[in-house]
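Novice: Right, I'll just put the structure down here and ask away after.
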Amino acid sequence: MTLFESSDRFGGLGTFFDYRGRSLEKFYHVMLPDDEYLLAILGDLGLVEQVRWRHTSLGYLHGRQMYPLNGPLDLLRFRPAPLASRIRLGLSALYMSHFSRPGPLDDIGVEDWLVRLSGRKGFECVLRPLLEAKFGDAYSSVPALWYWSRFTREKGTKKEVKGYVPGGYRAITDAIVRCLEGQGASLELNAPVQRLDIEDDGSPCLTVADERYSFDRVVSTIPLSLLRKAVAGGAVEPHLDRVDPGIDYQGVVNVLLVLRRPLTEHYWVAVVDSGAPFDGIVETTSLVDPDGDTGCHFVYLMNYVHRSHSLFQRDPQDISREYSGALVNLFPDLAEEDVVDSFVFRAPFVEPVYTPGYGRTKPDAALVPGKVYLATTTQVYPFVTSWNSSARVARDTVDSLLEGLR
């Protein structure tokens, strides 16, 4: 088996960098107690017993006022929404958790469904900003099924618990690499695939760094829009035409700030109507221990935007200055000297922007049965993109590949 990785490190969005002798993720990640597929892999790797679980919380920064938003009582105290809307939002959350069923939700737009449940005022005040933070102005096209799946996974009415492995996702990636190498796999870094085609004898072939390789089977994990360029004009292109749903992706821009002190008590804070250039704050050291040597805390400021957005072209130092200045402005007890370091990371293909009825057009694992297979984020629907969802897709793709062998 040969694995080609286009970048200089394995891990995809779970990639990392070294900071003062510590490994930090470029993009924040988290695992939940019911992430059965990810936890199964950690069990195979001997890491599952190392997972540390902690209670975490959600904050909602409306203007300059912080509100906890972790249960029915917090919702009733959420003054930006009228009391009647708060009650209706609470009842709709109970309904989603205990009574709603996913079946028909694939064909319903998320805005129509949530307005029907929570009312227009509750939607505009609480729910719309959260959807815009994830999908921008494309949020209204997302099926209600996606929101239902995310809600029941991450919140519902249960107390929030999240987990992490000491050493972060680097520890998981390194363990996977050791496992693959132990089984004789060839792992190639800085090896972007230029072309995927099928030889005259029916064998899938790849062109990497202008060198041609033939294989019995190929699994592609790259976004379909990039795969389309790799198969253009070849034998695989008609197969991709048949299954490609043509959906676009939202990217993400993360500004990681290293702080001398904690910012809030919350793991995740929605930022709404504050004038800040970012939509959310993730303070990973509310879950993961602060740096043991320096006591530093790690805060991610993020925007989910399309790759055509100016944030993907702007100078990173300019973005960093703007975001750190806005954070200091939002939190008066945070001083500029509390910001020790800052880093900007960008990923253009993160969250597929699904449309109603996507469940019927989602591509199968077998692109060219017996020859070429897919394992991409376009196949995680209706689940939110996560390591657990990726592990689920990987399992399904392997099952399909093995079925082809049989």
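Where a number appears in this text, it was derived from the coordinates with a stated rule and is not lab data. Treat the numbers as computed from the prediction; the structure is a model and nothing was measured. Because the Cβ atoms are built from the backbone with ideal geometry, glycine has one as well, and the counts that use them run over all protein chains shown.
Novice: So which trypsin sites (Lys or Arg not before Pro) in segment 205-307 pass both tests, a DSSP loop state and at most 10 other Cβ atoms within 10 Å of the Cβ?
Specialist: Numbers: sites: Arg212, Arg217, Arg228, Lys229, Arg242, Arg260, Arg307; in loops: Arg217, Arg260, Arg307.
Filter output for segment 205-307: empty list.
Novice: If the elastic network links every pair of Cα atoms under 10 Å, which of Asn388, Asn303, Asn190 fluctuates the most in the Gaussian network model of the chain?
Specialist: Asn190
Novice: Oh, and also: If the convex hull of the alpha-carbon atoms of segment 152-275 is projected onto planes in all directions, what is the mean projected area in square nanometres? Numbers along the way, then the final one.
Specialist: Values: hull surface 55.8 nm².
Computing the convex hull of the Cα atoms and averaging its projections yields 14.0 nm².
Novice: Please compare each pair in Lys162/Lys362; Lys229/Lys362; Lys229/Lys371; Lys26/Lys371 to a cut-off of 25 Å on the Cα-Cα distance and tell me which ones are over it. Intermediate values should be presented prior to the final figure.
Specialist: Numbers: Lys162/Lys362 29 Å; Lys229/Lys362 20 Å; Lys229/Lys371 19 Å; Lys26/Lys371 34 Å.
Beyond 25 Å: Lys162/Lys362; Lys26/Lys371.
Novice: Separate question: In whole angstrom, how far apart do the alpha carbon centroids of segment 324-392 and segment 66-121 sit?
Specialist: Between the Cα centre of segment 324-392 and that of segment 66-121, the gap is 24 Å.
Novice: Which residue, Leu334, Leu114, Leu287, has the most motion in a Gaussian network model of the chain that connects Cα atoms within less than 10 Å?
Specialist: Ranking Leu334, Leu114, Leu287 by mean-square fluctuation puts Leu334 first.
Novice: A further question on this structure: Using a Gaussian network model of the chain whose springs link C-alpha atoms within less than 10 Å, name the residue from Asp210, Asp244, Asp364 with the highest mean-square fluctuation.
Specialist: Highest fluctuation of the listed residues: Asp210.
Novice: Suppose only helical runs count, i.e. DSSP H with n ≥ 4. What mean residue ellipticity at 222 nm does that imply for the chain under -39500 (n - 2.57) per run, divided by all residues and rounded to the nearest 500 deg cm²/dmol? Provide the component values of the computation, followed by the final result.
Specialist: Details: 12 runs with 127 residues, N = 406.
Computed mean residue ellipticity for the chain: -9500 deg cm²/dmol.
Novice: Given the C-alpha atoms of segment 248-352, compute the convex hull and give its volume per residue in Å³.
Specialist: Once divided by residue count, the hull of segment 248-352 is 106 Å³.
Novice: Can you tally the net charge around Ala394? Count Lys and Arg as +1, Asp and Glu as -1, for every other residue whose Cβ sits under 14 Å from the Cβ of Ala394.
Specialist: Values: positive: Arg392, Arg395; negative: Asp35, Glu36, Asp44, Asp396, Asp399.
In short, -3.
Novice: Same structure, new question: What's the local net charge at Leu334, with K and R +1, D and E -1, over the other residues with C-beta under 13 Å away?
Specialist: On the way: positive: Arg64, Arg260, Arg261; negative: Glu283, Asp333, Glu336, Glu337, Asp338.
Here the count lands on -2.
Novice: If you look at just the Cα atoms of the chain, how large are its Rg and its Dmax in Å?
Specialist: 22.0, 69
Novice: Which of Cys125, Cys179, Cys205 has the fewest other C-beta atoms within 10 Å, and how do the rest follow up to the most? Walk me through the numbers before you get to the answer.
Specialist: On the way: Cys125 21, Cys179 14, Cys205 17.
Sorted ascending by nearby Cβ count, the order is Cys179, Cys205, Cys125.
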